[in-house]
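The values are calculated or read from the model by the stated rules, or taken from the named source; none is laboratory data. Just so you know, these numbers come straight off a predicted model, no measurement behind them. With ideal geometry, Cβ positions are generated from the backbone for all residues, glycine too; neighbour counts draw on all protein chains shown.
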Amino acid sequence: MEKKPKRAKKQQTVLQTKKPAEKAEETEKESSTAKKTATPRRPIWSGSITIGLINVPVKLYAMIYDRGVTFHFLHKTDNAPLKYEKVCTKDGKLVPWTEVVKGYEFSKNQYVIFDKEELDAVKPESDRRIRIDKFVDFFSVDPVYFYSTYALLPDKSADAYALLLQSLEKLGKAGAGRITLRTKEYPALVHAYKGAIVLTTLRYSYDVVDPSRFEELSELKEPQGSEVELARKIITDLSGEFDITQYKDNYRLKVEELLKKKLKGETIVVEKPPKEEVKGLMAALQETLKQLEKK
């Protein structure tokens, strides 16, 4: 029984004594592997798409991932991870979870306290159904309301799934309805995407601000005719097909490059970018057009 801990300790020591170059090589391999998003193996929800008396059993899988850079907050003197504590703003003491309650601020520093049982009683119950109320033209829905998209796969319902998929594809329609995920109810669209049925949750109308209500927009002046002509010419010259794969997270790529250099023990030299010259609108339009003509 004593041999296993010794073996584990020895392996751990070997891992800790790897050279920085070896660590950098491993990190580079992990980075290149992470760029290819793995297909999720487990569904996060299962239920049925309900259209009147029709039920199409489906499983819901994650489709959207944030591959941004993540940092940990550490103590500068010893590189130990920091943890967050709940501290009372009145007496400065640490508060255990057993003494934490939820309160709604109805006025400045005035709260209504809710018990867990009270909040649980009003949470929407997930009845494992995506209720379709109507079918709409997919492109009639303003993308500003789109929240997150999930893959819907057949759950022993291949025939019904294939029929719904083909119908949505041919008609360009989306089923509008609602779904409950993690105790929250969302408006949702069920639509076709790249040979599959997907579900896109939506924001509520009152969660989106109408930008036309900003006062700054009422102060806009009518642009001059010469400026409009140049602006249209620039837009026309730069017009093309949209390809999302052309866009990369440059910050993440640069951080990964810094990581490789640091693991190899290289010295990092920080170079400040040169300041850009501020130009007038007309001059900027003219120079931009000249640059496009050279291409």
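What pairs come out if I take residues in region 81-100 that are within 18 Å of K116 (Cα to Cα) and pair them with residues that are surrounded by 10 or more Cβ atoms within 10 Å (Cβ to Cβ) and among the hydrophobic types (A, V, I, L, M, F, W, C) whose C-beta lies under 6 Å away, six or more apart or interchain?
Hits for this filter: V95/C88.
Per-residue answers, yes or no, for (1) under 29 Å from A151 (Cβ atoms); (2) touching a residue at least 40 places away in the same chain (Cβ under 8 Å):
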site: D210; (1), (2): no, no
site: G225; (1), (2): no, no
site: E229; (1), (2): no, no
site: I234; (1), (2): no, yes
site: F242; (1), (2): yes, no
site: T245; (1), (2): yes, no
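Taking A121 as meeting all but one of (1) surrounded by 10 or more Cβ atoms within 10 Å (Cβ to Cβ); (2) without any contact (Cβ under 8 Å) to a residue 12 or more places away in the chain; (3) aliphatic (A, V, I, L, M), write down the number of the exception.
Condition not satisfied by A121: (1).
Identify, from the list K156, K221, K262, K173, the residue that is crowded, with 17+ Cβ neighbours inside 10 Å and over 22 Å from the mean Cα position of the chain (by Cα). It would help to see each step written out before you state the result.
On the way: K156 fails: crowded, with 17+ Cβ neighbours inside 10 Å; K221 fails: crowded, with 17+ Cβ neighbours inside 10 Å; K262 fails: crowded, with 17+ Cβ neighbours inside 10 Å.
Among K156, K221, K262, K173, only K173 is crowded, with 17+ Cβ neighbours inside 10 Å and over 22 Å from the mean Cα position of the chain (by Cα).
Can you pull out the residues in region 101-118 that are surrounded by fewer than 10 Cβ atoms within 10 Å (Cβ to Cβ) and among the aromatic types (F, W, Y)?
Listed by number, the residues that qualify are Y104, F106.
Looking only at residues that are under 27 Å from the mean Cα position of the chain (by Cα) and among the aromatic types (F, W, Y) in region 84-137, which one is modelled with the highest pLDDT?
Result: F135.
Test D66 against the criterion of being closer than 30 Å to D249 by Cα, loosely packed, with under 11 Cβ neighbours inside 10 Å and either within 28 Å of the chain's Cα centre (by Cα) or free of Cβ contacts under 8 Å to residues at least 12 places away in the same chain (or both), and give yes or no. Step through it out loud before you land on a result.
Values: closer than 30 Å to D249 by Cα: yes; loosely packed, with under 11 Cβ neighbours inside 10 Å: yes; either within 28 Å of the chain's Cα centre (by Cα) or free of Cβ contacts under 8 Å to residues at least 12 places away in the same chain (or both): yes.
Judged against the criteria, D66 is a match.
Over 18 Å from I51 (Cβ atoms) and touching a helix residue (DSSP H, G or I) at 6+ places or on another chain (Cβ under 6 Å), is that true of R203?
So R203 fits the description; yes.
Mind listing whichever residues of region 56-85 are of a type in the set (F, W, Y) and touching a strand residue (DSSP E or B) at 6+ places or on another chain (Cβ under 8 Å)?
Y61, F73
Inside region 163-216, can you point out the residues that are hydroxyl-bearing (S, T, Y) and assigned to a strand (DSSP E or B)?
First, pick out the residues of region 163-216 that are hydroxyl-bearing (S, T, Y): 167, 180, 183, 186, 193, 200-201, 204-206, 212.
Hits for region 163-216 are T180, Y186, Y193, T200, T201.
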